[in-house]
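Asks: Submitted below is the structure of interest, expressed as structure tokens.
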Amino acid sequence: MSEQDNTWVEIFRAEDQGQIRDASLVLLAVKVAHRVDMNSSSAPWSLMVPPQDQQRAHHELTTYWQENAHPAPVQTKVPYVDSGWLGVLGFLTVIWAVPALQGFGSQAWIDAGVLHSAAVRDGEWWRAVTALTLHGGLEHILSNSLFGSLFGFFVARYLGSGVGWLVILLSASAANTVNAMVHPDAFRALGASTANFAALGLAPTLLWRKGAFRQQDWRRGVAPIFAAVAMLAFTGFGAERVDVGGHVFGFIAGVGAGWYLSRFDFTAISRARQQQAGQLAFALIALCWILAL
């Protein structure tokens, strides 16, 4: 060891090589000159720094150890209620059965069930439901089938297929009602996308409120919510005939539903109750179409 080497000072000593390695990585990250020496005394590993860097190295290591002294918040595992596939099957059955019954494009069915602001204001509340089952063409229904199945699948897994899709239906219907009320009398809209965005807002909000995304860094904790907002921005805007109001109100309704429902334990709901909730969703859609036609 040269005379110059003797001027280096020991900043940390440990028996565990892993502890020395971690401390060395901390100093390396903040660009503090250092070296690791083998010590023949009781502690075989020493972390050495130049005297002029001793105070800074001590500060960086102390800060690192203090930040890692507290255990990370426990991430809550939100249990599944069911597989979610039964709800997806029910959703696809409804949105494909209606165009099949109407003959894929019957103007009479569209006129009877489309969301029409003036008609909703006149008391035809059922249009907020029937409009969710109507589509403007094959591309429209295929797109909504894909996104509705994806977003609704996650809702059904955590709320159950019956309760989950009933909540999506009610949230989307409420969003459609608000959408009709804020638009001029001539406004018309149709499609299941309002329900899709309700599901998109519902699932991450529910999981976040239940603690599924608790992390040491708050930015990672709210990342799923921002991801849902980004998905809304990416898919809910842009095209000329896109119903932006329906998408936004649907998303907001889903977020509100997820926030409120996060207090309940859906695993306690029996399979029979889940089936009843699913039957109620089907019955509500059928009733609205009976009133429309």
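The values are calculated or read from the model by the stated rules, or taken from the named source; none is laboratory data. Remember, it's a predicted structure, so these values are computed and weren't measured experimentally. Here Cβ is always computed from backbone atoms with ideal geometry, including for glycine, and neighbour counts include all displayed protein chains.
Asks: Mind listing whichever residues of segment 143-175 are aromatic (F, W, Y) and under 15 Å from the mean Cα position of the chain (by Cα)?
Replies: Passing the criteria: F147, F151, F153, F154, Y158.
Asks: Same structure again: Inside segment 32-47, can you point out the residues that are modelled with pLDDT of 90 or more and either more than 19 Å from R13 (Cβ to Cβ) or hydrophobic (A, V, I, L, M, F, W, C) (or both)?
Replies: Across segment 32-47, the qualifying residues are V32, A33.
Asks: Moving on to the next point. Pull out all pairs, ordered by first then second residue, where Cβ-Cβ is under 7 Å, the residues are six or more apart or on different chains, the first lies in segment 10-29 and is outside the structural domain of P51 (by TED's automatic domain parsing), and the second is outside any strand (DSSP E or B) and crowded, with 19+ Cβ neighbours inside 10 Å.
Replies: none
Asks: Quickly run through segment 123-144 and pick out the residues that are at pLDDT 95 or above and under 30 Å from P79 (Cα atoms).
Replies: The answer is L132, and nothing else.
Asks: Hand me the list of helices (runs of 4 or more DSSP H) wholly inside segment 97-208 holding 3 or more residues that are surrounded by 22 or more Cβ atoms within 10 Å (Cβ to Cβ).
Replies: 127-130, 138-159, 161-182
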